Amino acid sequence: MKLHHRLNTPIQSFIEIKKTERLWHFPFLAGICVGICLLIGWFFDQPAYGNLACIGSLVILYFTQAPLSQRMIHLSMCALGFSLAFALGSLFSFNHFGGAVALGVIAFLSHYITSYFDIPPPRNFFFVMVAAVATSIPFEAELIPLRVGLVTMGAMLSVLLAFFYSVFIARKVQEPKVRRKLKKKRYTSIVESLIIGFAMFLALLIGNLLDLKSAYWIPISALAILQGKDLIHTRQRNLHRIFGTFVGMGLTWLILFLEPNGLLLVLIIAVLQFIIELIIVRNYGLAVIFITPLTIFLAENSAGMTININDLMQARILDTIIGSLIGVLVGWFLHHQILVSNLEKKIRGAKLRLKRN
């Protein structure tokens, strides 16, 4: 009976729909934030600008159920973090090694800060994603201020829309429930942050050394796996990631078959964002199916629908497999208590020696 349960658990995780208190209001708000940025870019015939602003608008995903004042401060600080992450990634994108180092530093800082302040999901994920995308954009020093400004404008638009939503729609906001969790030791967060930072550095460097067109997708895939709360959950997310990407590429092919452009493309991306936020808290694997075409349209289509679907499918599947394998390997280290404890002791010992000297 136990063996039967073990065999069914991975399969059940693909079809299980979890219960959630999230209403349709928030997914709709997320779709509006993304859609407005793309719509403005389309209106001024600058789709690349709309895509960059859209990246910043993802800060809406850090919307919390805290009191209004705390919520707006939280979102504003996340918007600042998005801008800094994109700026740092852009500044070091001129060199493959430098870009990988920058991503590793951003991953370390974002994980440590989000752990220290106990920021709920998506935690460090989108800060790293923003930086990874920035490293993939061709380096043009004179355009960095413009690009960072567009990302910042998209982020602040989401903050503004979140404020109006909070005041006029979500008037009755319940106090957040106290989440019981084991209090981590101070050095544990440092060790975890170092491991994740090194993993992101390594993932992007491997992608760059292999000269992959969308190398940024490797660290993103690896980090998505590392969001698992334990080793079993990490393995489960790995299966979901790979399966969802395969099915998502099929969905991408169907959408591209329609040859969407202009307003139709804006609408499709906004609807994809709405669907993702509606189901990601219910079933991660199902959400990945829709995440795949969304990221392709945002990252690969800045200058119009000129995607070679066959080349794209091969590249994205390869990136996902490499990133997932890195995520599982690093996840083993991350959830290896003996290893983490030994690293904690070494850090404490090094700090004591520095004080004595």
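The values are calculated or read from the model by the stated rules, or taken from the named source; none is laboratory data. Just so it is clear, the structure is predicted and the values come from calculations on it, not from any experiment. Ideal geometry is used to build each Cβ from the backbone, glycine not excepted, and the neighbour counts take in all protein chains shown.
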Criterion first (surrounded by fewer than 23 Cβ atoms within 10 Å (Cβ to Cβ) and part of a helix (DSSP H, G or I)) does L251 satisfy it? yes
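Yes/no matrix, rows are residues, columns are (1) touching a strand residue (DSSP E or B) at 6+ places or on another chain (Cβ under 6 Å); (2) at pLDDT below 85; (3) assigned to a helix (DSSP H, G or I):
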{"residue": "L278", "(1), (2), (3)": "no, no, yes"}
{"residue": "V288", "(1), (2), (3)": "no, no, yes"}
{"residue": "G304", "(1), (2), (3)": "no, yes, no"}
{"residue": "M313", "(1), (2), (3)": "no, yes, yes"}
{"residue": "I338", "(1), (2), (3)": "no, yes, yes"}
{"residue": "K355", "(1), (2), (3)": "no, yes, yes"}
Odd one out for A102, checked against (1) closer than 21 Å to L160 by Cα; (2) in contact (Cβ under 8 Å) with a residue 24 or more places away in the chain; (3) part of a helix (DSSP H, G or I): (1)
Could you say whether any residue in region 190-207 is at pLDDT 90 or above and farther than 15 Å from V128 by Cα? yes
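Check whether at least one residue in region 111-118 is of a type outside the set (S, T, N, Q), crowded, with 18+ Cβ neighbours inside 10 Å and closer than 17 Å to M77 by Cβ, and report yes or no. Break it down into steps so the answer makes sense when it comes.
Going residue by residue through region 111-118, those that are of a type outside the set (S, T, N, Q) are 111-113, 116-118.
Pick out the ones that are also crowded, with 18+ Cβ neighbours inside 10 Å and you get 111-112.
Among the residues that remain, those that are also closer than 17 Å to M77 by Cβ are: 111-112.
Yes, region 111-118 has at least one match.
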For region 105-122, enumerate the residues that are of a type in the set (S, T, N, Q) and in contact (Cβ under 8 Å) with a residue 60 or more places away in the chain. S115
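Is it the case that L84 is modelled with pLDDT of 95 or more, surrounded by fewer than 19 Cβ atoms within 10 Å (Cβ to Cβ) and not polar (S, T, N, Q)?
Values: modelled with pLDDT of 95 or more: yes; surrounded by fewer than 19 Cβ atoms within 10 Å (Cβ to Cβ): yes; not polar (S, T, N, Q): yes.
When the stated conditions are applied, L84 passes them.
Specify the residue that is modelled with the lowest pLDDT; the eligible residues are those in region 87-100 that are crowded, with 16+ Cβ neighbours inside 10 Å and not polar (S, T, N, Q).
Looking at residues that are crowded, with 16+ Cβ neighbours inside 10 Å and not polar (S, T, N, Q), I get H96.
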Being within 21 Å of F201 (Cβ to Cβ) and touching a Pro at 6+ places or on another chain (Cβ under 8 Å): is that true of L103 here? yes
Residues of region 115-161 being over 16 Å from F26 (Cα atoms), in a helix (DSSP H, G or I) and out of contact with any helix residue (DSSP H, G or I) (no Cβ under 8 Å at 6 or more places or on another chain), in sequence order, are A141, E142, L143, P145, L146, G149
Tell me yes or no: at least one residue of region 217-233 is crowded, with 20+ Cβ neighbours inside 10 Å, part of a helix (DSSP H, G or I) and more than 15 Å from the chain's Cα centre (by Cα). no
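For region 267-275, state whether one or more residues are in a helix (DSSP H, G or I), at positive phi, touching a helix residue (DSSP H, G or I) at 6+ places or on another chain (Cβ under 7 Å) and surrounded by fewer than 20 Cβ atoms within 10 Å (Cβ to Cβ). Steps first, answer last, please.
Just the residues of region 267-275 that are in a helix (DSSP H, G or I), to begin with: 267-275.
Filter once more, keeping what is at positive phi: none.
The answer is no; no qualifying residue exists.
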Pairing a residue in region 245-259 that is in contact (Cβ under 8 Å) with a residue 40 or more places away in the chain and over 20 Å from I220 (Cα atoms) with any residue that is of a type in the set (V, I, T) and part of a loop (DSSP other than H, G, I, E, B), where Cβ atoms lie under 8 Å and the two sit 6 or more apart in sequence or on different chains, gives L256/I307
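Within region 64-73, identify whether any single residue is within 29 Å of A199 (Cα to Cα) and out of contact with any Asp or Glu (no Cβ under 7 Å at 6 or more places or on another chain), and answer yes or no.
There is at least one residue in region 64-73 that is within 29 Å of A199 (Cα to Cα) and out of contact with any Asp or Glu (no Cβ under 7 Å at 6 or more places or on another chain).
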Sole exception among (1) surrounded by 20 or more Cβ atoms within 10 Å (Cβ to Cβ); (2) out of contact with any helix residue (DSSP H, G or I) (no Cβ under 8 Å at 6 or more places or on another chain); (3) of a type in the set (F, W, Y) for F164, by number: (1)
(1) of a type in the set (A, V, I, L, M); (2) modelled with pLDDT of 90 or more; (3) over 21 Å from the mean Cα position of the chain (by Cα) all hold for A107 apart from (3)
